[in-house]
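Just so you know, all these numbers are worked out from the coordinates, no wet-lab data involved. Only a predicted model underlies this, so the values are computations on that prediction, with no experimental measurement involved. Ideal geometry is used to build each Cβ from the backbone, glycine not excepted, and the neighbour counts take in all protein chains shown.
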Amino acid sequence: MKRLQRGATLVELVITIVIISIAIAGVVGAFALISGRSADPLNETRAVALAQLYMDEILTRKYDEQTPQGGVPRYSGGCSIGADGSEDRASFDDVDDYDGLNDSPPASALASLTGYTGFSVAVTVTCSGGDVGLPVSQAKRIDLLISAPDNRSFVFSAYRANF
């Protein structure tokens, strides 16, 4: 009596290896693409937190150097931009003092920040009351440009009205 042998031929084994290697190459390629972008949400979250820190600091300042504490009565002069005298960030007392501020790495007014290596912050302040339906001299626009370590930039804007 003759025995029948069953098994895979060499051709079948080679075809199986080729198919598996193509599948593995596709999975590894997709994994590389996903892992390369894994820092994006973290950088976006840090940029938003950084913008909130800077905006909170800036918006708590007076509209203008001559604005009384509390904003009443309203400042009646024109819109001026820039630091008054030889102020440094710790002594900024009105919104427009921050115009031209560039921090790399970012810092609060009181101390340096940890976890923001590679980030930079640039602040621009302009007279822009017309953008929000006020006379030009009655509102200042604050623009923050946050640059992340992955070469992406985020722009945040807020208005400070004269009150």
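Cβ neighbours within 10 Å, averaged per peptide: list 129-140, 89-100 in order, most packed at the top.
Values: 129-140: 15.7, 89-100: 17.8.
Ranked by mean Cβ neighbours within 10 Å, highest first: 89-100, 129-140.
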message: If the only charges are +1 at each Lys and Arg Cβ and -1 at each Asp and Glu Cβ, what is the size of the charge dipole of the stretch 1-80 around the Cα centre, to the nearest 20 debye?
response: 740 debye
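Stretch Ser80-Val28 to full length: gain in nm at 0.36 nm per residue minus the Cα-Cα span? Can you show the working numbers first?
Values: separation 52, 0.36 × 52 = 18.72 nm, distance 5.72 nm.
The Ser80-Val28 span can extend by a further 13.0 nm.
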- prompt: When the helices in the chain are scored as -39500 (n - 2.57) per DSSP H run of 4 or longer and the sum is shared across all residues, what 222 nm value do you end up with, to the nearest 500 deg cm²/dmol?
  reply: -10000 deg cm²/dmol
- line: Quick calc, the stretch 41-161, dipole around Cα centre from Cβ unit charges on Lys, Arg (+) and Asp, Glu (-), nearest 20 debye, gives 320 debye
query: Taking the alpha-carbon centroid of each part, what is the distance from the stretch 52-72 to the stretch 144-163 in angstrom?
result: 17 Å
